Amino acid sequence: MQQIGFSVPDWTPPPPPTGETLVGRTARLEKLTLAHADALHRAFEAGGDALWTYMPRGRTDLEGYRAWVAEASHSVDPFFYTLIDRDTGQAVGVASYLRIAPAAGSIEVGFITFAPSVQRKTATTEAMFLMMQWAFEAGYRRYEWKCDSLNVPSRRAAQRLGLSYEGVFRQALVYKGRNRDTAWFAAIDAEWPALKAAFTTWLSPDNFSDGVQKTRLADLTAPIRVASDPTL
């Protein structure tokens, strides 16, 4: 007898992202617009060329960045958000949904670029939580994260956020004239309640003392992941 997948009764594809503002205690995600371009470019400049090593495009001057934002702000896939650090009110990052496949219930997060001023701050983690929360609560079944397999910080971030390692697709892409093997991570809807509880615990003000975390998010998400990245 042939085996088949489990039944998904009354499956209704979720909606594509609509651009609604996503608000947390330390982070706010607004749909990317040209009005964000100058502040983002200024924030990203502190990162130099290294900020763009694993991005499809490289560092540009302000005029070039404005041109990219003008185009990206009208894209529906990828669908771009701007991260606003609520402590400063400044635009300090960009992230997007992409490979949006409502019929399959699958969505990816990517194009993640955070300014040095906000890296390792609570706002970046909360931004990732807000995007994951919107996707699962909108009805998506699968939330993906992919990166260059050589991008160790991105692999570490995916695992810390509770996404399970799913392997490496060899010679998946050519970008900037070089090979990319792509590491895959994902979370599924059955894991979301536990992931949400882990994020809620970590993001609570009670988890911090003078800005220092008491419990690491990676320790909270570790029991939820079904597979860990063997390189980390």
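Here are a few things to note about the model shown:
- GLU137 open to solvent by 30 Å² or more (accessible area, probe 1.4 Å), outside any loop (DSSP other than H, G, I, E, B) and acidic (Asp, Glu): yes
- Within segment 178-232, the set of residues being of a type in the set (D, E, K, R) and touching a Ser or Thr at 6+ places or on another chain (Cβ under 6 Å) comprises ASP181, ARG225.
- Qualifying residue in segment 205-227 (condition: modelled with pLDDT of 95 or more, within 17 Å of the chain's Cα centre (by Cα), assigned to a helix (DSSP H, G or I) and hydroxyl-bearing (Ser, Thr, Tyr)): yes
- Selection over segment 47-85 of residues that are touching an Asp or Glu at 6+ places or on another chain (Cβ under 9 Å), of a type in the set (Lys, Arg) and either closer than 22 Å to ARG178 by Cα or in contact (Cβ under 8 Å) with a residue 60 or more places away in the chain (or both) gives a count of 1.
- Residues that are in a strand (DSSP E or B) and among the β-branched types (Val, Ile, Thr) were ranked within segment 112-131; the one that is most open to solvent (accessible area, probe 1.4 Å) is ILE112.
- The residues in segment 140-167 that are loosely packed, with under 14 Cβ neighbours inside 10 Å and in a strand (DSSP E or B) can be counted, and the count is 1.
- TRP184, sole failed condition from (1) open to solvent by 40 Å² or more (accessible area, probe 1.4 Å); (2) more than 18 Å from the chain's Cα centre (by Cα): (2)
- Entry remark, segment 192-204: residues being open to solvent by 70 Å² or more (accessible area, probe 1.4 Å) and over 19 Å from the mean Cα position of the chain (by Cα) number 1 in total.
- Hey, LEU220 in contact with a Gly (Cβ under 9 Å, 6 or more places away or on another chain) and either closer than 19 Å to PRO153 by Cα or surrounded by 13 or more Cβ atoms within 10 Å (Cβ to Cβ) (or both) or not: yes
The values are calculated or read from the model by the stated rules, or taken from the named source; none is laboratory data. As the structure is a computational prediction, the values presented were derived from the model and not from experiment. Reconstructed Cβ throughout: ideal geometry from the backbone, glycine too, with neighbour counts over all protein chains shown. What goes into the accessible areas is simple: the full protein's heavy atoms, side chains included, and nothing from ligands, DNA or RNA. Shrake-Rupley method; radii C 1.70, N 1.55, O 1.52, S 1.80 Å.
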